[in-house]
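Written out below as structure tokens is the structure these notes cover.
The values are calculated or read from the model by the stated rules, or taken from the named source; none is laboratory data. Bear in mind the structure is a predicted one, so any value in this text is a computation, not a measurement. No Cβ is skipped: glycine too gets one built from the backbone with ideal geometry, and neighbour counts run over all protein chains shown.
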Amino acid sequence: MNITVIGTGYVGLVVGACLAETGNPVVCADLDQNKIEGLQRNILPIYEPGLDDFVERNQGQGRLKFTTDVPAAIGSADVIFIAVGTPPDEDGSADLRHVIDVADQIGKHMRRELVIVTKSTVPVGTAAKVAAAVGVHATRPFHMCSNPEFLKEGAAIDDFMKPDRVVIGVDSDHARSVMAELYAPFVRTGKPIIFMDIPSAEMTKYAANAMLATRISFMNEIANLCERVGADVDNVRKGIGSDGRIGPAFLFPGPGYGGSCFPKDVKALVRTASECGVPLRVLESVEEANEAQKRRLFGKLRALLGDVRGHRIAIWGLAFKPNTDDMREAASLVLIDELLASGASVVAHDPVAMHETRRRLGDRIEYAKGSYDALTGADALVIVTDWNEYRHPDFGRIKQALKTPVIVDGRNLYDTRKMHGLGFRYASIGREGRT
Ligand SMILES: NC(=O)c1ccc[n+]([C@@H]2O[C@H](COP(=O)([O-])OP(=O)(O)OC[C@H]3O[C@@H](n4cnc5c(N)ncnc54)[C@H](O)[C@@H]3O)[C@@H](O)[C@H]2O)c1
């Protein structure tokens, strides 16, 4: 089966590389010439652990090809995955422009019977819109399929190669059997492929992200309350997470969720719901709570330091989470904006996201080569992303480098009592009750 993946971002690149890894001939097509030229030389546009090896190996063995010639990539395909971006429109709904552009191209350039798979996260009804757009020009039969992607940036290869489950919406036996064959190597340990109707598959993706975002906002608000009532959110988290009905994942409080998916998918679902006259009040609050949470680090810093004007603030961690260089909707960007607007200067460190931050912010902040370099002469340290390398630092060195021993820890990396014992003025999320 010849596979074409259109859109070579986080999702398309991972899908293409993993399908090539299991022996399929795969063409990845994208309009971005720089990206494709880089990939042809095994230079990846993103940081994703393990992905570079997959790309290099499969490209070297001729199973994985990269092109900007979208029509040719469509013409040679038996199965096409649409993995282009679906950014939020001004009103929060998913902007389907790229998806429909691709559908139009598929209709014009298809040369064989096709299975067309929407991999992008798209609202219910999109597969039908894609089918209509393809159908305007189609000269061959085609079958629609919705196959939402659940990979996590930073663990994307593992998530694709060993998924918890694969969700596939189909409306024909042909699409069902093609997809079952394609995914068979990834579910050999018995993890399920869950076949369903197409609208349910489209909805499943949004419901999954909405649920995860809800857990995060819920815990952030519980953490904020813990601070007021003298409780410790770490204890509360363990106490509720060990309940089999609740489970331990996604209960860590922090500086608010970011990334390319949760913020935009929550907004899009809220928008769809209000258009349908079925308000999702819980999710509206989830989003509102998250916006407020992104401002808490600044508030905590001000509580410890007073007015930040003229102060130099060090930040550890810029990416929206560890093991990625993705800065979309990162909490660090909100903090940096607030600091700069209040007259502070910022010096930041991140193991991989400084290049991407510089692309966005240029010289508005300083970039430190190493984590300790950021601290020299700084008035305080704020930890935004929980990279492993920040977990066990040399506190003596930190104290010596900082002008005042102030740390705001947005990820609860350190023990509160120990930090106070070491003489730090230390704030974290939901644990002040312990001191
Ligand atoms: N990033 C994630 O972790 C993740 C996880 C699950 C699902 N998703 C969903 O997958 C989709 C893609 O996300 P992403 O993060 O990979 O996006 P991205 O922005 O990183 O990549 C999208 C790519 O599509 C290309 N593109 C746009 N229009 C095109 C066209 N007409 N023809 C060819 N290429 C075109 C762009 O040049 C870009 O390289 C989104 O709907 C997203 O919500 C993302």
Flagged in the stretch 122-133 as within 16 Å of the ligand (Cβ to nearest atom) and either at pLDDT below 95 or surrounded by fewer than 24 Cβ atoms within 10 Å (Cβ to Cβ) (or both), in numbering order, are VAL122, PRO123, VAL124, GLY125, LYS129, ALA133
VAL15 fails exactly one of (1) touching a helix residue (DSSP H, G or I) at 6+ places or on another chain (Cβ under 9 Å); (2) surrounded by fewer than 23 Cβ atoms within 10 Å (Cβ to Cβ), namely (2)
By residue number, the members of the stretch 236-291 that are out of contact with any Asp or Glu (no Cβ under 7 Å at 6 or more places or on another chain), within 16 Å of the ligand (Cβ to nearest atom) and basic (Lys, Arg) are LYS264
Residue pairs qualifying under the 7 Å Cβ cut-off, at least six apart or on distinct chains, with the first in the stretch 143-154 being closer than 16 Å to ALA180 by Cβ and the second being within 7 Å of the ligand (Cβ to nearest atom), are ASN147/LYS119
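Just checking: which of the strands (runs of 3 or more DSSP E) contained wholly in the stretch 342-435 hold 2 or more residues that are free of Cβ contacts under 8 Å to residues at least 40 places away in the same chain?
Here the list reads 345-349, 406-409.
Given the stretch 3-99, what strands (runs of 3 or more DSSP E) lie entirely inside it while holding 2 or more residues that are under 29 Å from PRO263 (Cα atoms) and within 15 Å of the ligand (Cβ to nearest atom)?
3-6, 26-29, 79-82
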Every listed condition ((1) charged (D, E, K, R); (2) surrounded by fewer than 20 Cβ atoms within 10 Å (Cβ to Cβ); (3) closer than 24 Å to THR126 by Cα) holds for ASP30 save (2)
